[in-house]
Amino acid sequence: MVFSFIFIPLLIAACLPLIGKVSKKIIPDVLTNTTLAFLLLNSILLVKPVFSRGSLLQNINWFGELVNLQIALDGFSLLMLFTISLVSLCITLFSIDYLKHYGHQANFYALLLVMVAGMNGLVLVPDLFSVYLFLEVAAVASYALVAFGLGPEELEASFKYLMLSVVASAFILLSITVIFGLTGSLSFQAVARGLQDLNASLVLGVCLAFFIMGFGLKAALVPFHAWLPDAHPSAPAPISAMLSGLLIKVSGIYALFRIVYSVVGMTPALSKVLMAMGAISIVVAALLALGQNDVKRMLAYSSISQVGYIILGLAIGTPLGIAGGLFHLFNHAVAKGLLFLNSGSIQHITGTRNLNELGGLGKKVPVTAGTNLIGALSIAGVPPLAGFWSKLIIIIALIQADHFGYALVAILASILTLWYYLLIQRKAFFGPLNDRWLKIKEAPFWMTAANVILALLCLLVGIFFSPVFKTWIAPAADALARGVQQVLMWGI
Amino acid sequence: MMATTLLWPIIFPAVMAIILFLIPARIKLVREVLAVLSSVVMLYLGFSLFLLKNLSLKTNWLGMGINFDFRLYQFSAFILLALSGFLFLIVLYSTIKMKDHPRIREYYAYVFLAAAFSNGAVLANNFVLLVFFWEAILITTYALITLGLKPTSHRTAVKSLIIGGLCDFSMIMGIGLIWASTGTLTMDQVHLEPYGLAAAAFILMMIGAIGKAGAMPFHTWIPDAALDAPVTFMAFMPASFEKLLGIYLLARISLDFFELKVGSPMAMVLLIIGAATIVLAVFMALIQKDLKKLLSFHAISQVGYMILGIGTAIPIGIAGGIFHMINHAMYKTGLFLSAGSVEHRTGTTELKKLGGLAREMPWTAFGFSVCALAISGVWPLNGFVSKEMVFHGALETGYPIFAIAAWVGAIFTFASFLKAGHSVFFGPRSTEVPKTRESQWSIVLPILILAILCITFGVYNKLPLENFIQPVVAGHAEPGQHIDLAAGALNLFTPIAGVSMLCLLIALGLHFYGWKQGGKKAYLASEPIHRLPVLHQLYDLSEARFFDIYEQGVKFLAWLSRMLFKFIDRPIDFIYEKVVVSIGRFFTVLFQKAHNGQYGNYLAWTIGGLIVVVWVILKLLQ
Amino acid sequence: MSNLWFLYLFFSALLIFTGIYCLLTMRNLIKLFIAVEVISKGVSLVIIATGAVKNSILLAQSLAITYIVVEVSLVATALALIINIYKKNKSLDVRSLSKLKG
Amino acid sequence: MIIQIILLSGLVLFSILAILLKDLLKSALSLAVASLFLGIIFFRLGAPYAGVFEISVVAGLITVLFALTVALTRKDSEVQEARLTRLVFPLFFVIFLIIDGLVMKSLLQQVPALPTGPETGSFGEVLWKARTFDLVAQLGVILAGVLAVLALFRKKEEDKDE
């Protein structure tokens, strides 16, 4: 049942504050993890029906009356659903031990589930206005979660995030409304059909620019990225992982490329603009990451840089480029989730995130150090880890499409990426042990377990990259590469 | 028998290497027993494959003519058997000699890996496969030298790796040329006349082969390794395995891949290299004051006989070269193992400190003496037989100079072994080493086996010559010509044998002259020759490693790199350091400054970005 | 009818400009959020106007109402944030919110 | 038509006032007045429900929330705005007004009219049947807002208990 992706988290989230009055910790922990495990299972079970038919369009009946609860599912959305469920399950596993710092588990989990519901909704709805709405659902929950620690930095970050994000969503809605005015409808299918025989490219161009700015801000493309390096590091580690791993991808990249490919249709002009922005993001953010001392802030800039890679890949417009971009999206979700959770472990273990204060932790906390290394190398694109393959595919696709300059940028920036990740390794895990950390112990069980699961995923996806690529990425890339036809085919 | 049996000599030792590596360092007995047992199994495999003679295995691998192609025939079967025999002896010897080595797990693993790769190289029937195994041997050589655990071991290991790598690179280029001119990578399909491009291919491949065998000028790592590597390694690699492999390949190059004609330019190249190696290395050997180093120079010098033999391109010469290869492997391994035995008991191999050990270590002394006489070519030992064949071949080429060079080599070989044997085992008992006794049986046994083999192969030379050597050369004799190598091999009353015996007598005379001159100290017996006017300067230069192309190459490279560093690297570095990194750093700092935390600033970027995107899109749409 | 649409777009653009101008230049957090409200008024004006001009006012109405609900939720969150920031910083100046930088 | 333009002008005027007025309470009130204008415009465009919502929720509830916040943060919360901001605003506003007018004028006739006829059914039917998913999402947004406020106003003492 596809609707469960939206309803169940919302329902549990509504109940959790009440349950929280009864049981402060155990029941919320168990309930949230069970819910997300169920969703993960559900998304895996959907593989067969979706891929056998290409897409799934479902309507729901309410007390015999036809109501318009319509959802559409194709390869692209299913990949996102799977990623969301997978990474958020690991994140909640991590939270079991980590939330002792914050308390109020019930409230935290409720917000987290609302965010998951919002992202799931965004991925499933075939309707522009609903996309905006679910975007807001996830966003409102994320504002509160960023500020969850209630410290001055958290509040500052959350406020800036909110104020920038609100402007972005205003422009998104404005653009949606104008498209509504142009075509008279909001559902993807009708809009796609309407736009096909509409001659208003100028107005549409402005709308697309608004979309690029709005979703680009959500995805933290340079120059719309400024909120991210504040918001992601300030949030509690699981939320950083959630935001960097999932939210920017779902509410930024998924929404943008769903609209660009499946509703409006990719044009060379759009491709040029998006690729340029992707390349700028890669370089600027990589340079910025080099200058950081805070682990999480470095990771946040790295997210911007990697989002640049994803967008660069997706915007090429060739099937290979799309596949590379989507594969990198998945790999980055896993690896960046891992790294942020890992930074949470480091903070839990030592109480600091400043690279200059750390050092030599590798001897004391080998599991944390090892998983961090795997995640870092995966993102930096070191074979045979997952990130290597996706970057390789993107670069090959760039060369295939004759974008040699961008390919060069991608290669050079991946050296920069490796550089700053090795900086983390060197400053935090290798080198002489700082006397302050003589008595530290490995992080608690669930935190370590979540790290290990994600690290294994990085490794296994890298080693068995071809089956993963075939089952999850290729259908998703097909769905996007078919362009507008894919949406017009929904439900047929 | 299944064709896949051919894979056994490769897979089995490789698996054993892993198992031996995994056995914890403390369980010594299990490892030793297992190692000896598996070398026995290898010996059995060698025998059974030798009896089979013809077998081949071929499966497609990478395409483009690169196939998984193995072939066993009389020559490779013979080498395979020899390899497994030496492996057995060395493993047996190692059980005592290497007992307390701190990295014993690695030692056995490398030894068995080296055996696996060597077997692979011998069996390979595809050039790419050959190169793969050839390079892999190089790596195990490197690893084994580092196990010497001396401060300079690593440096020597790197030296061997670089020299070997250069030779292998040359071989790869040669293979490339062969591939380009014949279009095939299958070894038994290649048969070229060595002219023009093929001559270049021949030279390049030959360098690969003689480099592995340790001929001049690719020898310089061997004397260094004599001091820096474990002595078992010396017996294992430079004395036996690498000689066998290198000469095997040289023989295949000269006989199979290329058609080497008597007196052709390529044959001359081989003859010159062979003669030069004999003479120069033997002169270096003569003056050495360390037993292991002395032996290692002989290991180089003797390669010269093999190359000379093959270079004659006359069946009897070729047979002599190949026979000398197997003989040399036996007595040189025996000599190294004896030196190891002496080192094992006394802790030193310096000639000056030793003396009169024959009484305390009779078996070692016996083994050493037999092997030393064999290497010197004393009747009726195996060295005599093979050397006579080489002299024969050399004379038949019509260039007596090469035969003379070989004889000169024989003189000084005997002289230096007289000196070595005299100073270690005979003469007055030295006071510098405490009283000692004979080594354990598993050290002595391999030495005795080898000594007995030396005698057997000499006296009953019919056995090895007819079983091993004749089939190899048979195809290269002129039609109608019957080769009977064994007949008259031990005949003392021929002019050639007479000259040889004369040489030995001269050597004896030289030794006694030197011994007397040096105040009856045997280790000074070579001093008169050392102090000869021109030779003296040459020796000094050589001691300063003036003739070591590696050292000179290193010096040149150091100079070159200093120049490059100053005039090319620094400017580039300046561009990189000062320009690229500074620009990067500049932008990093600039961008960081731009992120000043002010909301208005961030929003301004957003709006500015929006305006730019709108403008660009509208521009692109028009 | 289509031309009438641009009249409304014209006025909503004015509202959005006013809001963004305020966001860019003003310093009081509450004032900033009032500016956000002004922007959202511009957006809801476009929604209803589009519906009216394009003959789908009922649909537009439901969108506008939904949008207002979202707005309320946002306002509540934002104001809660502002109050918390005031409690921590004892100031409503946006310039004091620049600890995170670089 | 004229009335509509007057109403729109009023909306813009009061929005500008809301921004330019120094006193936060007054600017919150003028925002409410702007909402009132917007509500009336909604009525006149045939969207009575949206109008009612705009007036009751935005002009009412949100203004109350603003007033509450202003009251809670009253103590020495004077923020000195840059003087220039208010002085320069009219200049920028006029420039933008001209650009805006020119852009809109150039867009006239650019967009073809839609062939659709008038809608059928009632507002309730449309909201319930055509936009059901929006109701779900609304629930989600409300839930998120409530939870956010709960999280942001949770008691500090509880933290220490746990």
Quiz prompt | Every residue from the range C:80-90 that is out of contact with any Lys or Arg (no Cβ under 9 Å at 6 or more places or on another chain) and more than 7 Å from every other protein chain (Cβ to nearest Cβ) | solution = C:K87
Quiz prompt | Among the residues listed as A:L113, A:L69, A:L89, the single one being surrounded by 24 or more Cβ atoms within 10 Å (Cβ to Cβ) and either under 20 Å from the mean Cα position of the chain (by Cα) or more than 30 Å from A:T448 (Cβ to Cβ) (or both) | solution = A:L113
Exercise. Look at B:A415 and say whether it is in the same structural domain as B:A313 (by TED's automatic domain parsing), at pLDDT 80 or above and over 20 Å from B:L450 (Cβ atoms).
Key: yes
Quiz item: From the list A:A255, A:A276, A:A269, which one is at pLDDT 90 or above and either at positive phi or touching a helix residue (DSSP H, G or I) at 6+ places or on another chain (Cβ under 7 Å) (or both)?
Solution: A:A255
Quiz prompt | Pair list, Cβ < 9 Å and 6+ apart or interchain, from the range C:17-33 residues that are closer than 15 Å to D:L87 by Cβ and facing chain D (nearest Cβ under 7 Å) to residues that are among the small types (G, A, S) and buried (at least 24 other Cβ atoms within 10 Å of the Cβ) | solution = C:Y21/C:A35; C:C22/C:A35; C:C22/D:A18; C:M26/C:A35
Quiz prompt | Candidates B:L57, B:L72, B:L80, filtered to the one that is over 24 Å from B:I178 (Cα atoms) and at pLDDT below 85 | solution = B:L80
Quiz item: Looking at the range A:118-136, which of its residues are farther than 14 Å from A:L243 by Cα, of a type outside the set (D, E) and at the interface with chain D (Cβ under 8 Å from one of its Cβ atoms)?
Solution: A:G121, A:V125, A:F129, A:S130, A:L133, A:F134
Exercise. Can you give me the ranges of the helices (runs of 4 or more DSSP H) entirely in the range A:290-368 with at least 3 residues that are out of contact with any helix residue (DSSP H, G or I) (no Cβ under 7 Å at 6 or more places or on another chain) and among the polar types (S, T, N, Q)?
Key: none
Quiz prompt | Subset of the range D:1-18 [touching a residue at least 24 places away in the same chain (Cβ under 8 Å) and not small (G, A, S)] | solution = D:I3, D:Q4, D:L7, D:L8, D:L11, D:I16
Exercise. Would you mind listing the helices (runs of 4 or more DSSP H) fully within the range B:119-236 where at least 1 residues are of a type in the set (D, E, K, R) and crowded, with 20+ Cβ neighbours inside 10 Å?
Key: B:153-182, B:197-213, B:221-228
Practice problem: Output yes when any residue across the range B:404-421 is among the small types (G, A, S), over 28 Å from B:G498 (Cβ atoms) and in contact with a Cys (Cβ under 9 Å, 6 or more places away or on another chain), and no when none is. | Solution: no
Quiz prompt | Enumeration of residues in the range A:450-492 that are of a type in the set (D, E, K, R) and either touching a residue at least 40 places away in the same chain (Cβ under 8 Å) or touching a helix residue (DSSP H, G or I) at 6+ places or on another chain (Cβ under 8 Å) (or both) | solution = A:D478, A:R482
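Take A:A117 and decide whether it is assigned to a helix (DSSP H, G or I) and over 26 Å from A:S23 (Cβ atoms). It would help to see each step written out before you state the result.
Details: assigned to a helix (DSSP H, G or I): yes; over 26 Å from A:S23 (Cβ atoms): no.
Here the answer is no, as A:A117 does not meet what is asked.
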Self-check item: Count of the range A:1-28 residues which are in a helix (DSSP H, G or I) and surrounded by fewer than 21 Cβ atoms within 10 Å (Cβ to Cβ)
Solution: 14
Practice problem: Of the conditions (1) crowded, with 23+ Cβ neighbours inside 10 Å; (2) at pLDDT 75 or above, B:A239 clears all except one; give me its number. | Solution: (2)
Self-check item: All helices (runs of 4 or more DSSP H) inside the range D:41-144 with 3 or more residues being not charged (D, E, K, R) and not assigned by TED's automatic domain parsing to the domain that holds D:A28
Solution: D:83-107
Quiz item: Which residue, of A:F171, A:F180, A:F257, is buried (at least 24 other Cβ atoms within 10 Å of the Cβ), among the aromatic types (F, W, Y) and over 23 Å from the mean Cα position of the chain (by Cα)?
Solution: A:F180
Quiz item: For the range B:390-406, does any single residue satisfy the condition of being charged (D, E, K, R), touching a residue at least 12 places away in the same chain (Cβ under 8 Å) and touching a Gly at 6+ places or on another chain (Cβ under 9 Å)?
Solution: yes
Practice problem: For B:W379, indicate whether it is over 24 Å from the mean Cα position of the chain (by Cα), surrounded by fewer than 24 Cβ atoms within 10 Å (Cβ to Cβ) and without any contact (Cβ under 8 Å) to a residue 40 or more places away in the chain. | Solution: no
Quiz prompt | From A:A144, A:A157, residue being of a type in the set (G, A, S), facing chain D (nearest Cβ under 8 Å) and within 21 Å of C:L79 (Cβ to Cβ) | solution = A:A144
Quiz item: Which of the following residues is assigned to a helix (DSSP H, G or I), of a type in the set (G, A, S), touching a helix residue (DSSP H, G or I) at 6+ places or on another chain (Cβ under 6 Å) and farther than 20 Å from A:A474 by Cα: A:A443, A:A413, A:A397?
Solution: A:A413
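Output the residues belonging to the range D:54-63 that are farther than 11 Å from C:A76 by Cβ and surrounded by fewer than 23 Cβ atoms within 10 Å (Cβ to Cβ).
Of everything in the range D:54-63, those that are farther than 11 Å from C:A76 by Cβ and surrounded by fewer than 23 Cβ atoms within 10 Å (Cβ to Cβ) turn out to be D:I55, D:S56, D:V57, D:A59, D:G60, D:T63.
Would you check if there is a residue in the range C:58-79 being within 30 Å of D:E81 (Cα to Cα), part of a helix (DSSP H, G or I), within 14 Å of chain B (Cβ to nearest Cβ) and more than 15 Å from the chain's Cα centre (by Cα)?
Taking the range C:58-79 as the starting set, the residues that turn out to be within 30 Å of D:E81 (Cα to Cα) are C:68, C:70-79.
From the residues that got through so far, the ones that are part of a helix (DSSP H, G or I) too are C:68, C:70-79.
Within this subset, residues satisfying the condition of being within 14 Å of chain B (Cβ to nearest Cβ) are C:78.
This time we only want the ones that are more than 15 Å from the chain's Cα centre (by Cα), so: none.
No; the residues of the range C:58-79 include none that is within 30 Å of D:E81 (Cα to Cα), part of a helix (DSSP H, G or I), within 14 Å of chain B (Cβ to nearest Cβ) and more than 15 Å from the chain's Cα centre (by Cα).
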Quiz item: List pairs: first in the range A:83-103 and touching a residue at least 40 places away in the same chain (Cβ under 8 Å) and within 14 Å of A:L31 (Cβ to Cβ), second surrounded by 23 or more Cβ atoms within 10 Å (Cβ to Cβ) and hydroxyl-bearing (S, T, Y), Cβ under 7 Å, 6+ apart or cross-chain?
Solution: A:T92/A:T32
Quiz item: What's the number of the condition A:A200 fails, among (1) of a type in the set (A, V, I, L, M); (2) away from chain D (no Cβ under 13 Å); (3) more than 22 Å from C:L63 (Cα to Cα)?
Solution: (2)
Quiz item: Is one or more of the residues making up the range B:352-362 among the hydrophobic types (A, V, I, L, M, F, W, C), in a helix (DSSP H, G or I) and at negative phi?
Solution: no
Quiz item: So which residues in the range C:34-57 are more than 7 Å from chain D (Cβ to nearest Cβ) and among the β-branched types (V, I, T), if there are any at all?
Solution: C:V36, C:I39, C:V43, C:V46, C:I47, C:T50, C:V53
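The values are calculated or read from the model by the stated rules, or taken from the named source; none is laboratory data. As the structure is a computational prediction, the values presented were derived from the model and not from experiment. When we count neighbours, we look across all protein chains shown, and the Cβ atoms used for this are built from the backbone with ideal geometry, even at glycine.
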